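What follows is one structure encoded as structure tokens, with my remarks underneath.
The values are calculated or read from the model by the stated rules, or taken from the named source; none is laboratory data. Here the structure is a predicted model, which means the values were calculated and not measured. Positions of Cβ are generated from backbone atoms using ideal geometry, with glycine treated the same way; all protein chains shown enter the neighbour counts.
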Amino acid sequence: MSIQEVSAEQLAELFHHYHQALAPDFGCTPQSTPESWDEISQPEKSRMVAAARLAILEVASTTKDREESRRYFAKPGTAEWGC
């Protein structure tokens, strides 16, 4: 699966799930935030989805920039040596 195939909604929901699941491992105390994605208010969901969308765009552009910067370099084992 590529970054282009990940929806912002899916990423936001998964991030929320793992954030809640890992809280006890990091010594976090139970908070007043809802535990399930369905219990979160619509404005809060919209904010998380917007943040996920921006993160996806940034990762995609960083990946594209990295590929663009390497296009002039030979693939390993294919370079010709000489002057």
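Observations on the structure shown:
- Flag for Cys83 being outside any helix (DSSP H, G or I) and modelled with pLDDT of 70 or more: no
- For beta carbons closer than 7 Å, sequence separation of 6+ or different chains, a first residue in segment 3-21 that is under 16 Å from Glu44 (Cβ atoms) and a second that is not in a helix (DSSP H, G or I), the qualifying pairs are Gln20/Glu35.
- Look at segment 25-38: where a residue is closer than 24 Å to Val49 by Cβ and surrounded by 12 or more Cβ atoms within 10 Å (Cβ to Cβ), no partner that is basic (Lys, Arg) and modelled with pLDDT under 85 sits 6+ places away or on another chain with Cβ atoms under 8 Å.
- Residue count for segment 28-71 satisfying the condition of being at pLDDT below 85 and not in a helix (DSSP H, G or I): 10.
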